Structures are given as structure tokens and as C-alpha cells.
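These notes are about the structure you will find just below.
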């Protein structure tokens with residue numbers, strides 16, 4: 001395994017991580033920056049759990065942009081298996097190869113040829129291990145909690161040893177150790193075996209000051225006073241205990257961009273009611289707060 005150039009570039013210190021991500025307009029707290037730094041220095045995967053829409057996926061994108069390493073993303077879902085995550089064989093091409101050479105090759109020769117790397121379809125995990133550039137790739141295993149528990153077992157060899165064993169070819173080890181970021185929205189508890197192999201960090205909802213900072217960085221044309229007004233309203237809305245789904249930072253950013261596109265410079269009842277669906281993604285929440293509680297939220301200090 002090679003020592004990637006991206007470690008000294010963005011992983012020389014915790015401060016270097018914070019500065020590199022700040023240049024990508026990602027607002028990071030020191031605790032999370034420390035976890036990223038250690039993941040870089042110790043070649044350990046980093047598991048980030050937290051609330052939806054609060055920047056877990058974005059940190060992998062920002063790290064890729066900051067380091068220049070390729071972002072390789074595996075989006076998890078129910079039923080995800082090795083053929084979609086690791087590799088599979090190109091069966092149509094293998095069958096064609098057999099038909100073309102069945103008369104001039106022995107069975108053993110054909111078997112050796114069709115199970116060679118030219119017939120191997122590389123999926124995200126294998127692609128990340130085979131990266132050979134001077135900068136380590138960033139492997140994002142996104143929303144692992146959406147996958148079945150059995151899928152976690154497929155990850156253990158990758159997370160422990162940065163390698164994949166293919167029965168027909170043997171063990172393929174990482175040429176350049178990728179930076180592995182796993183995310184989870186905690187819709188189910190992840191297994192201990194995965195957690196033991198990872199460093200851990202948690203991203204919750206931001207403080208009012210951090211949310212304003214995020215708004216100002218990501219939407220620089222947003223006036224500071226309006227950014228504070230938007231953040232304060234979202235913070236009050238997010239604090240309502242009866243919400244089925246609280247808005248994350250992603251929703252705050254979408255809402256702020258929409259308000260700017262509508263030519264708004266401050267919040268008022270009619271405009272908030274018309275755009276509240278950008279913040280609340282549950283029908284009952286939307287109906288309740290649009291009709292019954294909006295004015296009280298706007299009037300709150």
C-alpha cells in the first residue's frame with residue numbers, strides 16, 4: 001500500500017482539516033475534524049451517524065474536493081448485495097467467449113480465460129480498492145442503515161484489511177488506502193462488528209450560530225440579517241416536539257434559496273405558508289403548521 005499524497009495535504013493536523021473543508025464551504029466543528037484527521041492518519045474508516053440532512057454525505061464530497069481524490073459512492077438500500085457493491089462477472093461476454101472458442105480451447109483453458117480480470121465488472125467497493133493514483137480516493141458508503149444486516153458482513157474484509165477476496169482470482173488488496181466514510185441515519189442499529197472497525201462521530205442539528213454560518217457560506221448573496229431570521233425560524237420549528245420529520249440543514253438551504261429566488265428579504269406569514277413544503281416533508285406536519293401554528297412561530301422572539 002502506498003502513502004497517499006492527500007494525507008500531508010489535508011491531514012497534517014486537525015487545523016489543516018478544518019481549513020481544507022472551510023475552503024469547500026463546509027462548516028465543521030473541531031470534534032468532527034479530529035475524527036476525520038485520525039481517520040486519515042490511522043487509515044481507519046469513519047462512521048458518521050446523525051440526523052438526516054445535517055451534512056454527513058456532504059463531508060465526503062467536501063473531502064474529495066479538498067484532496068482531489070475521486071469520490072466513489074455506494075448508495076445503500078434494502079436488498080443490496082455483493083454483485084452491486086463488490087463485483088460480478090460479465091456473463092454475456094463470458095458466454096460469447098465460450099461460444100467463440102469452444103472448438104479450439106479445452107474446458108480448462110476456457111475456464112481460465114473467462115474468469116480473468118477482463119470479464120470482471122467492478123462495483124464501488126472494488127473500484128475504491130483498485131485506485132492507483134497518487135491521491136487516495138474517498139469511498140462513501142452512504143446510509144448503511146438502509147441495507148440489510150447481512151450486507152454488513154460483506155463489508156468486514158474491506159473495512160478491516162482493505163481487501164476483497166474473489167474465489168476465482170484470489171485476494172485483491174488496496175493499492176492506495178481509500179478514505180472510507182460510512183453514514184447512517186440510525187433507522188436501525190448497526191452491528192457491533194462494523195462499529196469496532198470504524199472511528200465514530202455524530203452530527204446533530206446545528207446551533208443557531210452554526211446554521212447562520214452555513215447559510216452565509218453556501219448562499220453568499222443572502223444578507224446576514226435575513227440569514228439570521230431564517231435560521232431562527234427553522235430552529236423554532238425544529239424544536240416542536242410533535243413534528244413527524246424535523247427539517248435538516250439541507251431543507252434550510254433549499255428554503256433560503258427559494259426565498260431569494262422569490263425576491264424576498266424578510267419573513268412574513270403568507271410567503272412562509274406558501275413555501276413551508278420546502279421545510280416540512282410530512283403531510284400532517286405541513287397541514288398543522290401551515291394553518292394552525294405558523295403565526296405563533298413567526299411571532300416568537
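GNM on the chain, alpha-carbon springs under 10 angstrom: the most fluctuating residue among 55, 204, 248 is 204. For the chain, a Kirkwood radius taken over Cα pairs fed into Stokes-Einstein (10 °C, viscosity 1.306 mPa s) yields D = 73 µm²/s.
Pairing the Cα long axis of helix 56-67 with the longest principal axis of the chain, what angle in degrees results, from 0 to 90 and rounded to the nearest 10? Between helix and principal axis, roughly 70 degrees.
Compared with the dominant principal axis of the Cα atoms in the chain, helix 208-218 is inclined by about 60°. Distances between every pair of Cα atoms in the range 4-119, grouped in 5 Å steps from 0 to the bin holding the largest one, split as 2, 10, 15, 16, 10, 8, 8, 8, 7, 7, 5, 3, 1, 0 percent. Each Cα pair under 8 Å and six or more residues apart adds its separation to the average, and for the range 246-301 the resulting relative contact order is 41 percent. Residues considered: 156, 129, 144. Largest GNM mean-square fluctuation over the chain, using C-alpha springs under 10 Å, is found at 156.
Evaluated at q = 0.16, 0.27 Å⁻¹, the base-10 log of the normalised Debye intensity for the range 208-290, with identical point scatterers placed on the Cα atoms, takes the values -0.55, -1.49.
Helical content of the chain, expressed as a calculated mean residue ellipticity at 222 nm, amounts to -14000 deg cm²/dmol (DSSP H runs of 4 or more residues, -39,500 (n - 2.57) each, divided by residue number, nearest 500). Among 269, 64, the ranking by other beta carbons within 10 Å of each residue's beta carbon, starting with the fewest, stands as 269, 64. With the convex hull of its Cα atoms as the shape, the range 143-301 has an orientation-averaged projected area of 13.0 nm².
Put simply, when 108-118, 71-81 are sorted by average Cβ atoms within 10 angstrom per residue, most first, you get 71-81, 108-118. By how many degrees, 0 to 90 and rounded to 10, does the Cα axis of helix 14-23 deviate from the longest principal axis of the chain? Tilt of helix 14-23: around 70 degrees.
Quick note: the coordinates plus some simple rules give every number you see, no bench work behind them. Keep in mind it's a predicted model, so treat the numbers as computed, not measured. So basically every Cβ, Gly included, is an ideal-geometry build from the backbone, and we count neighbours across all protein chains shown.
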